[in-house]
Amino acid sequence: MSATVSQIDEIKTTPWSGGRSPFNVEYGKMMMWFFLLSDAFTFSSLLISYGALRFSASTWPGADKIFQSIPGLVEHGAPLVFVGLMTFILIMSSVTMVLAVEAGHRNSKKEVIMWMIFTIIGGFMFLGCQALEWNHLHSEGFWWSSIPTNTETLKEFFTGGTLAAQQTSAHQFANLFFTITGFHGFHVFSGVIINIIITINVLVGTYEKRGSYLMIEKVGLYWHFVDLVWVFVFTFFYLV
């Protein structure tokens with residue numbers, strides 16, 4: 001075991017060292033799972049709050065009416081196309097992360113570097129797309145505690161309800177959208193920074209000297225979690 005994992009992940013066998021893990025999982029990987037579990041609770045509370053407000057409201061902005069632009073190309077008439085592209089980019093970055101982990105299991109340094117770089121590029125592309133989408137919504141008049149002041153513009157995003165109900169729902173939608181997608185975007189940005197650090201470590205041979213690329217698998221868990229959360233965010237905001 002000591003020849004394939006870092007010193008901190010070695011299973012201690014002396015009487016006062018804690019013994020063998022009950023799940024036979026390395027310490028670092030288990031701590032990552034604990035962190036992801038706690039983070040899942042945070043995202044769950046935010047999405048449940050959104051769902052509670054969404055389904056208790058008499059009217060709500062239609063996703064196909066708000067998200068129908070491709071920034072820089074199409075202003076209207078392409079509902080959910082751009083967010084579909086964003087989702088595809090993030091899912092593909094998860095695929096490249098899987099390939100990086102698999103290459104790490106084979107101790108293939110060059111392949112690990114290549115797939116990690118592709119993953120980082122995918123992360124930056126997703127963040128860029130999200131920035132464009134935020135900018136578009138802001139230009140429409142949506143922001144934290146801010147909605148379009150033109151009532152005719154506001155009505156375009158709704159299928160019914162009174163003006164007062166539309167304004168209330170629009171405020172709730174804007175606050176939750178920017179908070180939840182911003183929180184997720186922060187996770188993606190953090191993941192990109194972590195992936196860059198890990199890639200640098202691979203380049204300088206840190207894990208090659210340790211004899212194990214287990215760290216790639218640990219950061220891969222985080223990246224897959226970020227992708228999985230986006231599936232729920234995508235479902236709640238764009239499909240339901």
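For residue 221 and residue 81, what does the FRET efficiency come to when R0 = 41 Å and r is the distance between their Cβ atoms, rounded to the nearest 0.05?
Values: r = 31 Å, r/R0 = 0.75.
My answer for the efficiency is 0.85.
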task: Name the residue farthest towards the positive end of the dipole of the chain from the options 145, 43, 216, assuming +1 on Cβ of Lys and Arg, -1 on Cβ of Asp and Glu, about the Cα centre.
output: 216
task: Note down the net charge around residue 142, summing +1 for each Lys or Arg and -1 for each Asp or Glu among other residues with Cβ under 14 Å from its Cβ.
output: -2
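How large is the dipole of the chain about the Cα centre if only Lys and Arg carry +1 and Asp and Glu carry -1, each at its Cβ, rounded to the nearest 20 debye? Present the calculation step by step, with values, prior to reporting the outcome.
Numbers: 12 positive and 15 negative charges, 128 e Å.
In total the dipole reaches around 620 debye.
At a Förster radius of 41 Å, what calculated FRET efficiency corresponds to the Cβ-Cβ distance of residue 196 and residue 52, to the nearest 0.05? Please list the in-between numbers first.
Numbers: r = 38 Å, r/R0 = 0.92.
Using R0 = 41 Å, I get an efficiency of 0.60.
Indicate the gyration tensor shape class of the range 19-133 (rounded, prolate or oblate), computed on the Cα atoms with a ≥ b ≥ c the square roots of the eigenvalues: a/c under 1.5 is rounded; otherwise a/b larger than b/c is prolate and the rest oblate.
Details: a/c = 4.16, a/b = 1.42, b/c = 2.92.
The shape class here is oblate.
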field: Nearest 10 degrees, 0 to 90: helix 27-56 Cα axis against the chain principal axis
entry: 10 degrees
- request: Round to the nearest 10 and report in Å² the accessible area of residue 206, as given by a 1.4 Å probe over the protein chains' heavy atoms.
  value: 40 Å²
- prompt: Ignoring ligands and nucleic acids, what accessible area does residue 121 show with a 1.4 Å probe (Å², nearest 10)?
  reply: 80 Å²
- line: Residue-normalised 222 nm signal for the chain, counting each DSSP H run of n ≥ 4 as -39,500 (n - 2.57), nearest 500 deg cm²/dmol, is -23500 deg cm²/dmol
query: Gap in Å between the Cα centre of the range 67-141 and the Cα centre of the range 176-207?
result: 13 Å
Where the Cα pairs of the range 28-239 fall when distances are cut into 10 Å bins, in %: 8, 31, 30, 18, 10, 3, 0
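Determine the sum of side-chain charges near residue 67: Lys and Arg each +1, Asp and Glu each -1, restricted to other residues whose C-beta is under 11 angstrom from that of residue 67.
Values: positive: 65; negative: 64, 133, 140.
Spelling it out: positives minus negatives among the neighbours equals -2.
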Radius 12 Å from Cβ of residue 198, net charge of other residues (Lys, Arg +1; Asp, Glu -1): 0
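Expressed as a rounded percentage, what relative contact order does the range 28-239 have, with Cα pairs under 8 Å and six or more residues apart?
Numbers: 225 pairs, mean separation 63.8, N = 212.
Dividing the mean separation by the residue count of the range 28-239 yields 30 percent.
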- prompt: Between rounded, prolate and oblate, where does the range 38-88 land on the alpha carbon gyration tensor, with a ≥ b ≥ c its root eigenvalues, rounded for a/c under 1.5, else prolate if a/b exceeds b/c?
  reply: oblate
In nm, spacing of pseudo-spin labels at residue 163 and residue 124 (7 Å Cα→C-beta vector): 4.8 nm
statement: Per the C-alpha gyration tensor (a ≥ b ≥ c, the square roots of its eigenvalues), the range 133-215 is rounded if a/c is under 1.5, else prolate if a/b beats b/c, else oblate; here it's prolate
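Please work out the average accessible area per residue across the range 28-239, using the 1.4 Å probe convention, and give it in Å². Walk me through the intermediate numbers first.
Working: 10070 Å² over 212 residues.
About 48 Å² of surface per residue is accessible.
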Solvent-accessible area of residue 101 with every protein chain in place, 1.4 Å probe, in Å² to the nearest 10: 20 Å²
- request: Taking the chain as the reference, fit the longest principal axis to its C-alpha atoms, fit the long axis of helix 81-105 to the helix C-alpha atoms, and give the angle between the two in degrees, 0 to 90, nearest 10.
  value: 0 degrees
- request: Please determine, in degrees from 0 to 90 and to the nearest 10, the orientation of helix 163-203 with respect to the longest principal axis defined by the Cα atoms of the chain, where the helix direction is its Cα long axis.
  value: 20 degrees
statement: For the chain, the percent of accessible surface on carbon and sulfur atoms (probe 1.4 angstrom, ligands and nucleic acids excluded) is 67 percent
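Scan the chain and hand back the longest stretch that contains none of the GluC sites (Glu not before Pro) lying in DSSP loops with at most 15 other Cβ atoms within 10 Å. Working shown, then result.
Values: sites that count: 10, 75, 156.
It works out to 157-240.
The values are calculated or read from the model by the stated rules, or taken from the named source; none is laboratory data. Only a predicted model underlies this, so the values are computations on that prediction, with no experimental measurement involved. Here the Cβ is made from the backbone with ideal geometry for all residues, glycine too, and neighbour counts use every protein chain on show. The area values use the complete protein model at the heavy-atom level, side chains included, leaving out ligands, DNA and RNA. Shrake-Rupley method; radii C 1.70, N 1.55, O 1.52, S 1.80 Å.
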